[in-house]
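> Here it is, the structure in full.
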């Protein structure tokens, strides 16, 4: 599937694995890259930059294919982590949840390819101005952190594709070959998936988290943290319902923090504690009904995409 995304990032198929906080480690990243996509590990959830270096080297032991490092911007400085990515000559980086300008300045003079996750036309245009090689456009159907405008993927992707000249990847509610084909029809040149890669054999997520994704219907997700300006979609559960109720009652950030922080997230996704912890997931859960290997998943996506293309050819 040669196009600008596959050519820019040196991959067979323009399919990228999302950052997946506390889950995007070497095994999953290497499996995605070996299957022909771009796997990623997430940098800023390691305790220090040297642990990131060790994980990068582990990926290199597991694959000779390109992979990426995701930088989720926020309260924690990322400059030391970016330095390690440069020193280890990683092929690509992606930036989420913030302004990528400082990270891009550090990358000047390197050959590292740059991706930015965006949720609006203006963010995409700004990323292009700063030197992004491609943007990932996430609609409100997606899991984890989202934009504030509640715009769906089917509307947002063509808007962004018409507004920038760099390649666009679609994200949000995309979990199979039908979604991949639809994304291309909307003007994207590839897709990013998060929730779908959680429910794979190579992901370290707790079995209860994977099973919850497989068993969930499309209406069994919920957006939390909207009241504090950082909306994010997760599985509907006792924990997320409690957070939503606290928000309705006007809870402050400080009051919400014990229930929405990384430790609470890890309680479910790594330890399987559904009462005290929570897990992110997009509306695409309604289309997920198995836990394949990453290779099997890619095979399924490509077969479904070809079937979708045939249907289009037969009806247009």
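> Report the relative contact order of region 4-201, percent, no decimals, based on alpha-carbon pairs under 8 angstrom and at least 6 residues apart.
Numbers: 414 pairs, mean separation 34.7, N = 198.
Contact order relative to length: 18 percent.
> Can you work out the FRET efficiency for the pair residue 255 and residue 86, with r the C-beta to C-beta distance and R0 = 25 Å, to the nearest 0.05?
Efficiency for this residue pair is about 0.05.
> For a footprinting-style exposure proxy, rank 174, 156, 184 by other Cβ within 10 Å, fewest first.
Working: 174 31, 156 27, 184 20.
Arranged by neighbour count, lowest to highest, 174, 156, 184 become 184, 156, 174.
> Rounded to whole Å, give me the distance from the Cα center of region 218-280 to that of region 93-109.
About 28 Å separates the Cα centre of region 218-280 from the one of region 93-109.
> Of 228, 198, 260, how do they rank once you tally other Cβ atoms within 10 Å and put the fewest first?
Values: 228 14, 198 27, 260 22.
Neighbour counts put them in this order, fewest first: 228, 260, 198.
> If one computes the Cα centroid of region 134-195 and of region 1-41, what distance in Å separates the two points?
Centre-to-centre (Cα) distance: 16 Å.
> When the helix-only estimate is applied to the chain (DSSP H runs of n ≥ 4, each -39,500 (n - 2.57), divided by the residue count), what is the mean residue ellipticity at 222 nm, nearest 500 deg cm²/dmol?
Computed ellipticity for the chain at 222 nm equals -12500 deg cm²/dmol.
> Compute and list, largest first, the equivalent-ellipsoid semi-axes of region 31-187 from the alpha carbon gyration tensor, each √(5λ) rounded to a whole angstrom. Show your work: numbers first, answer last.
On the way: eigenvalues 135, 65, 41 Å².
Calculated on Cα positions only, the semi-axes equal 26, 18, 14 Å.
> Taking R0 as 35 Å, what FRET efficiency do you get between residue 211 and residue 105 from their Cβ-Cβ distance, rounded to the nearest 0.05? Present the calculation step by step, with values, prior to reporting the outcome.
Working: r = 43 Å, r/R0 = 1.24.
So the FRET efficiency works out to roughly 0.20.
> What relative contact order, as a whole-number percentage, does region 201-308 give when Cα pairs under 8 Å and 6 or more residues apart are counted? Working shown, then result.
Details: 137 pairs, mean separation 38.4, N = 108.
Normalised by residue count, the contact order of region 201-308 is 36 percent.
> Of the DSSP beta bridges with both residues in the chain, give the percent that are antiparallel, rounding to the nearest 5. Each step should come with its number before you reach the end.
Working: 7 of 33 bridges.
The antiparallel fraction comes to roughly 20 percent.
> Here's another thing I want to ask about it. Tell me, in nm to one decimal, what length is gained between residue 64 and residue 290 on full extension, where the rule is 0.36 nm per residue of separation less the Cα-Cα distance? Kindly include the intermediate steps, with their values, before the conclusion.
Details: separation 226, 0.36 × 226 = 81.36 nm, distance 2.82 nm.
Working it through step by step, the gained length comes to 78.5 nm.
> So if I restrict to the alpha-carbon atoms in the chain, what is the Rg, and what is Dmax, the biggest pairwise distance, in Å?
18.3, 56
> Right, something else. Arranged by the count of other C-beta atoms within 10 angstrom, fewest first, what order do 214, 294 take? Intermediate values should be presented prior to the final figure.
Working: 214 13, 294 26.
Sorted ascending by nearby Cβ count, the order is 214, 294.
Each value in this text was obtained by applying a stated rule to the coordinates, not by laboratory testing. Small disclaimer: the values here were computed from a predicted structure and weren't measured. Neighbour counts are summed over all protein chains in view; Cβ atoms, including those assigned to glycine, are modelled from backbone coordinates with ideal geometry.
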